[in-house]
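Beneath this line is the structure, given in structure tokens, with notes to follow.
A short reminder: the numbers here are calculations on the coordinates, not readings from a lab. Everything numeric here is computed off the predicted structure, so don't read it as measured data. With ideal geometry, Cβ positions are generated from the backbone for all residues, glycine too; neighbour counts draw on all protein chains shown.
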Amino acid sequence: MKKTLAFLLLLTMILSLFGLTTFAKGYEYPPNVRISVHAYRPESRFTPEDFPDVEIIAIEEDDVPGFFLFTLSAREEEALNNRNNAIDRLKKHSGIDYAEAEKELCNATIDDNFPEDTIIVSIQGKYNQEKEIFTVEDFPEIECTDVREIFFSASHFARKLCLTISPAGKQNVLDAIKKLESNPKVQRAHPNYFIEWPEEPDYDCEHEWQDATCIARKTCRICGAIEGDVNPNAHPVTVSDDIVCYDRNCSACGAVIAPGHPEEKGYHNFDENHRCGNCGKTECELFGHTPGAEATKTEAQTCTVCGVVLKEATGKGNPHTAAGDLFGATAMLSLAAAAAVLLKKKK
């Protein structure tokens, strides 16, 4: 008996150790992989059934309008491949215009060849909308002395930054990257394999200025110099002149470019269930119920659009006319009088 208990205890310890190892390994290759996606319209509603070629556990709405997080189902050793295949499929879906892994982990080693004082950071798409300029305060996990923007595309929700760290050192770069992976704004951080920044330019730049936009200051296309402030009225995207029921926003800063007109029924696109395919609201939510025939004794008054009961059946009188009510009351009195006469004769 004692040997059996000792064996079971040893087996439990081995299984526990295996579980901890699997959990630690799962941090690098998580069995559930999340993908950040952006829909054409914030009101779009998705369910896993909308994507039959992707194994999705759940879809949750993000805290930024229009963005969603898709949690995938995948075995641990296949997680990354399944995630990348799912991203390719999701990009082809008619309701989605952007999809990327919520987080990419760095696999660089100290034997790689890279500068010892800079890091390249890719910002998650949803944070490219709400913040025009990133500073060292956005990266409190590390000792960052300078932040330079090296790429930005509002239409693709893409932004890359070059961070300068202190003190310099290849191990310090790798340690900083690991810390940045916990920053919710960072989609990916990796060593700077590509870009070299001169300490001082050895020429006088004849600036070619790119106008300020709603999220970026005026920038020189040649040397990257920055001047002035952002222009909240200069949006890098345009919208059509069509009048619709929903607000159309700048995909970069989120500001309303073209306000919608939900108060006009003709600007909605109602389906057979009387739900607008643009704003997602029903006709009755927007314009109130349309009362049907008045309630009768046996039939309630309902909305002719959605069928909801507006007034319960009265339970009184003839179900069709007021005259019927009078006729019914008269008949009841007549019956009562006849019963009284019969009772009197019996006596």
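Based on Cα contacts under 8 Å between residues 6+ apart, the stretch 118-191 shows a relative contact order of 44 percent.
Please tell me which of these pairs span more than 23 angstrom C-alpha to C-alpha: Lys178/Lys218; Lys103/Lys126; Lys103/Lys160; Lys160/Lys185; Lys126/Lys160? Cα-Cα > 23 Å for Lys178/Lys218; rest within. Normalised by residue count, the stretch 257-310 yields a Cα convex hull volume of 77 Å³ per residue.
Starting with the fewest neighbours, write out His235, His207 ranked by other beta-carbon atoms found within 10 Å of each beta-carbon. Provide the component values of the computation, followed by the final result.
Numbers: His235 19, His207 14.
Ranking His235, His207 by Cβ neighbours within 10 Å, fewest first, gives His207, His235.
Magnitude of the charge dipole for the stretch 118-191, about its Cα centre and with charges confined to Cβ atoms of Lys, Arg (+1) and Asp, Glu (-1), is about 300 debye.
Per-residue Karplus couplings for the stretch 214-223, computed as 6.51 cos²θ - 1.76 cosθ + 1.60 with θ equal to phi - 60°, are listed in order as 5, 10, 9, 6, 4, 10, 7, 5, 8, 9 Hz, Gly and Pro entered as x. With the biggest extent put first, the Cα atoms of the stretch 118-191 measure 36, 19, 18 Å across the principal axes.
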